[in-house]
Amino acid sequence: MTQLPAARPTAGSSGSDHPKALYGGTGTRRITVRDLGAAKERGEKWPMLTAYDAMTASVFDEAGIPVLLVGDSMGNVHLGYDSTVPVTLDHMAMLSAAVVRGTRRALIVADLTFGSYQEGPVQALRSATRLIKEAGVGAVKLEGGERSLAQTETLVEAGVPVMAHLGLTPQSFNTLGYRVQGRGDEAADRLIRDAKAAQNAGAFALVLELVPAEVAAEITRSLQIPVIGIGAGPDTDAQVLVWTDMAGMTEGKVPRFTKQYANLRQTLGDAARAFAGDVVGAAFPAEEHTFH
Ligand code: KIV
């Protein structure tokens, strides 16, 4: 990359006029967790995408996406596993470093992987320190509210920005399954308690995955920190999608809460078939691709 990418919304998009807007603003320095807090105060909504490699991350950075998550969804998307559970801290450190190298402006958040923080605050701090020092990420994300409070408090005290993740927490799919969380008064109350606990422990933002829109709206209203929804309805402060779902790269059916903005799988397959046809038919390389 030779150019410092600025947030450049395309024609017809809803970029903000505010110079410091997370999306559509004119700032070029790296986004910080304080910028996300200021956006909540302004009432600005913003987009977040996952990224797992330098090249894709650079495309999203140039498009002005202010926050990129190196999610442990890399297990399913990038590494060919059935879940996020097998993803290791080594995987996370390597791919997070690539995403950091590929970007100039976006805040990069890395997931603490399954088994890298559940033992307690000391293990969590060791894992987060590695992602911050080795990969250069600006924040980490961990799953759980009350059950992860000690970890969140320790990380925040040590100067590590923490994004919490509640609702459907994929690392617990063996106990939760993949279904909507927080349905019914008791479950909703528990979720709201967890969200407030995460904020009180010092989390700078909260991801809410697969929860009823009404519950997500209430949590968003009652927290001071930004709430980022995925399958959580329209009223959260921000929205995150797994990039391969968003761009139509994922094979087969995508979750109902996803919207596909392109059909990259078709486009890439067509390009590969066109290349193969040219090679088989001796149309590539042509004279202009050939050295003498
Ligand atoms: O790993 C991931 O991609 C995530 C998002 C779904 C929020 O945690």
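Would you check if there is a residue in segment 243-262 being under 14 Å from the mean Cα position of the chain (by Cα), of a type outside the set (Ser, Thr, Tyr) and surrounded by fewer than 24 Cβ atoms within 10 Å (Cβ to Cβ)?
Yes: one or more hits.
Could you look through segment 246-264, keep only residues that are of a type in the set (Gly, Ala, Ser) and out of contact with any helix residue (DSSP H, G or I) (no Cβ under 6 Å at 6 or more places or on another chain), and pick out the one that is nearest to residue 168 (Cα to Cα)?
That would be 252.
Need the failing condition index for residue 208 against (1) among the aliphatic types (A, V, I, L, M); (2) within 30 Å of residue 269 (Cβ to Cβ); (3) in contact with a strand residue (DSSP E or B) (Cβ under 7 Å, 6 or more places away or on another chain), just the number.
Only one criterion in (1) among the aliphatic types (A, V, I, L, M); (2) within 30 Å of residue 269 (Cβ to Cβ); (3) in contact with a strand residue (DSSP E or B) (Cβ under 7 Å, 6 or more places away or on another chain) is unmet by residue 208, namely (2).
Output the residues belonging to segment 72-95 that are outside any loop (DSSP other than H, G, I, E, B) and in contact (Cβ under 8 Å) with a residue 60 or more places away in the chain.
77, the sole residue that qualifies.
A quick yes/no check of all residues on (1) part of a helix (DSSP H, G or I); (2) farther than 30 Å from residue 157 by Cβ:
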| site | (1), (2) |
| --- | --- |
| 199 | yes, no |
| 208 | no, no |
| 214 | yes, yes |
| 217 | yes, yes |
| 228 | no, no |
| 250 | no, yes |
| 270 | yes, yes |
| 275 | yes, yes |
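Return yes or no: is residue 147 in a loop (DSSP other than H, G, I, E, B) and either without any contact (Cβ under 8 Å) to a residue 40 or more places away in the chain or out of contact with any Leu (no Cβ under 7 Å at 6 or more places or on another chain) (or both)?
Taking the combined requirement at face value, the residue does not satisfy it.
Could you tell me whether segment 64-84 includes any residue that is buried (at least 16 other Cβ atoms within 10 Å of the Cβ) and either away from the ligand (no atom under 16 Å from the Cβ) or not assigned by TED's automatic domain parsing to the domain that holds residue 168 (or both)?
Yes: segment 64-84 contains one or more residues that are buried (at least 16 other Cβ atoms within 10 Å of the Cβ) and either away from the ligand (no atom under 16 Å from the Cβ) or not assigned by TED's automatic domain parsing to the domain that holds residue 168 (or both).
Given 107, 155, which one is within 30 Å of residue 20 (Cβ to Cβ), in contact (Cβ under 8 Å) with a residue 60 or more places away in the chain and either of a type outside the set (D, E, K, R) or more than 14 Å from the ligand (Cβ to nearest atom) (or both)?
107 is the lone residue from the list that is within 30 Å of residue 20 (Cβ to Cβ), in contact (Cβ under 8 Å) with a residue 60 or more places away in the chain and either of a type outside the set (D, E, K, R) or more than 14 Å from the ligand (Cβ to nearest atom) (or both).
The values are calculated or read from the model by the stated rules, or taken from the named source; none is laboratory data. As the structure is a computational prediction, the values presented were derived from the model and not from experiment. No Cβ is skipped: glycine too gets one built from the backbone with ideal geometry, and neighbour counts run over all protein chains shown.
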